[in-house]
1. Hey, what number do you get for the chain at 222 nm if only DSSP H runs of n ≥ 4 count, each worth -39500 (n - 2.57), divided across all residues, to the nearest 500?
2. Roughly what would the spin-label model give for ALA48 and MET452, points 7 Å off Cα along C-beta, in nm?
3. Output the peptides 264-271, 283-290 sorted from most to least packed, where packing is the average of other Cβ atoms within 10 Å over each peptide's residues.
4. So for ILE16, ILE210, ILE276, fewest C-beta neighbours within 10 Å to most, what's the order?
5. Given R₀ = 45 Å, what would the calculated FRET efficiency be for GLU85 paired with ASP134, taking r from the Cβ atoms and rounding to 0.05?
6. Can you give me the P(r) profile for the chain? Cα pairs, bins 10 angstrom wide beginning at 0, each as a whole percent.
7. Give the residue from ALA301, ALA439, LEU343 lying farthest towards the positive end of the charge dipole for the stretch 260-444; charges sit on Cβ (+1 for Lys and Arg, -1 for Asp and Glu) and the dipole is referred to the Cα centre.
8. Arrange the peptides 149-155, 23-29, 87-93 so that the one whose residues have, on average, the most other Cβ atoms within 10 Å appears first.
Amino acid sequence: MTPVAAPPTLRLTNFINGQWTDSPAREWRDVINPATGEVLAQVPLADAAEVNQAVEAAAAAFPEWRRTPPEDRIQPLFKLKMLLEDHLDDIARIITQENGKTFTEAKAEMRRAIENVEVACGIPMMMQGYNLEDVARGIDEMMIRQPIGVTAAIVPFNFPGMIAFWYLPYAIATGNTFILKPSERVPLTMRYVYELLEKTGLPKGVVSLINGGKAAVDALLDHPKVRAISFVGSTPIAKYVYSRAAANGKRAQCQGGAKNHVIVLPDADMPMATQIISDSAFGCAGQRCLAVSVAVTIGEAQKTFRDSIADAASKLKVGNGLDKDVQMGPVITPQSKERVESLIALGEKQGAKVLLDGRNSKIPKYESGNFVNPTILDNVPATSDLNDTEIFGPVLSLVHANDMDDALAFLERSAYGNQASLFTSSGSAARRFRYEAPAGNIGINIGVAAPMAYFPFSGWKNSFFGDLHGQGRDAIEFYTDKKVVVERWAKEHSRKF
Ligand code: NAD
């Protein structure tokens with residue numbers, strides 16, 4: 001029998017000037033399914049010359065695109081919304097294959113993506129400026145918003161579909177051109193999305209896609225024609241991108257890592273709190289910047305919550321996110337699994353009790369997957385390094401506080417400030433928490449306080465570098481320059497006509 005040749009591995013291309021373009025990159029990476037270990041594709045790591053081509057094409061497309069009326073600029077977004085709806089399952093399947101999260105989680109992230117497209121369709125209203133007649137006798141003043149030029153976003157692996165949409169729809173609807181650099185670990189989702197974008201009738205050069213790693217990011221940061229950079233990823237890289245963008249005179253918004261706390265008061269509805277906190281801590285295998293990773297219990301909640309969360313977490317079904325009934329998928333790479341397991345060991349060494357141990361997980365049929373089962377560390381000491389380490393895996397730490405003062409002081413000491421939540425049935429405790437908790441996103445009886453597309457999204461402290469957030473009205477501010485015009489027209493002149 002003639003041996004059947006293995007199918008050639010899919011080699012990804014970049015989308016530059018409206019064309020899928022073979023990359024001359026010398027470096028390539030395998031894209032690997034984290035549940036099966038299967039190689040899905042090879043992704044090029046673009047160099048500065050290739051990034052330059054994308055920026056020049058985006059710069060060339062800008063003058064005509066900015067002159068296109070806002071009403072016409074949003075028409076491709078209406079088409080995109082329909083295409084995303086029609087292909088939701090296909091996109092979600094790709095997300096699960098390259099990222100590992102469950103199919104349901106993948107669909108949910110695309111719903112959030114679509115919401116941003118819908119909100120950006122309101123640009124003809126949202127982009128308006130304001131004016132005032134007679135700021136002095138016969139003199140009028142107006143503020144108009146203008147697009148800024150070529151913009152770029154650099155995004156992480158954990159939401160291959162959603163995060164690009166915090167930026168792309170607003171950038172182009174306001175009249176800018178836009179370049180996306182997805183995570184080299186999960187480039188397939190955006191490849192598919194850009195194939196849909198191609199069908200929307202956007203002029204060439206308005207949106208581009210460059211695959212790559214550090215060299216591509218540095219080239220975007222240094223290119224004089226890139227005016228604005230949006231970044232989402234880990235704190236050290238966010239800080240680096242923010243500094244280098246600022247040194248090059250660019251506008252920048254850089255979201256970093258997180259260590260999110262939830263305070264559980266004894267008066268909380270314990271079954272509801274348990275369900276929601278379990279979803280928050282272990283959903284997406286804990287690889288969410290809004291995942292709860294430390295639960296601070298007060299009073300008798302120490303025992304009631306500890307028992308109920310351990311029970312709930314132990315029942316979660318772990319496996320390939322495409323398989324029926326699976327509730328939690330793998331972490332992204334074998335290195336990530338190793339790191340998460342070593343941090344569990346560190347917590348144990350520094351005095352925490354491993355209440356539920358997810359190390360050495362073996363999932364039948366998926367021996368090559370990067371699985372870590374839900375893990376709970378009880379009584380993590382205040383001195384433990386884990387208190388300031390983003391684990392980014394399915395690990396929940398439990399700590400106990402005497403009262404709200406203690407608990408809030410614990411949150412205050414954290415280097416991060418992405419999200420903080422409270423579970424209670426007391427309105428005054430909730431108000432105090434909302435008022436004092438040191439984080440950019442607050443949840444009251446909510447586990448993942450992800451703002452809707454029409455609200456701004458960003459953390460505080462080391463979770464965010466910049467001032468204008470993603471989404472909503474902040475996105476309009478970020479993607480436009482404000483121009484103020486003061487006008488006087490002499491009466492004599494107007495009388496001539
Ligand atoms: P990462 O920082 O490793 O990578 C993010 C992006 O930066 C990728 O596109 C990557 O190619 C690029 N990059 C990596 N190293 C670089 C370097 N040395 N120089 C320039 N660019 C570089 O992050 P990740 O592992 O992909 O994502 C997980 C992290 O993202 C977590 O820390 C998580 O908390 C954070 N995150 C934050 C938010 C938020 O809104 N605050 C949202 C999602 C994820």
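None of the figures in this text is laboratory data; all of them are computed from the coordinates on show. Please read these numbers as outputs of a predicted model, since none were measured by experiment. With ideal geometry, Cβ positions are generated from the backbone for all residues, glycine too; neighbour counts draw on all protein chains shown.
1. On the way: 17 runs with 183 residues, N = 497.
So the calculated ellipticity at 222 nm is -11000 deg cm²/dmol.
2. Reported label-point gap for ALA48 and MET452 is 4.6 nm.
3. On the way: 264-271: 18.5, 283-290: 26.2.
My ranking of the peptides, most packed first, is 283-290, 264-271.
4. Working: ILE16 24, ILE210 27, ILE276 20.
Ascending Cβ contact count within 10 Å gives the list ILE276, ILE16, ILE210.
5. Details: r = 49 Å, r/R0 = 1.08.
With R0 = 45 Å, the Cβ-Cβ based efficiency is 0.40.
6. Bin by bin from 0 Å, the calculated values are 4, 19, 27, 24, 15, 7, 2, 1, 0, 0.
7. Value: LEU343.
8. Working: 149-155: 26.3, 23-29: 15.6, 87-93: 17.7.
Highest to lowest by the protection proxy: 149-155, 87-93, 23-29.
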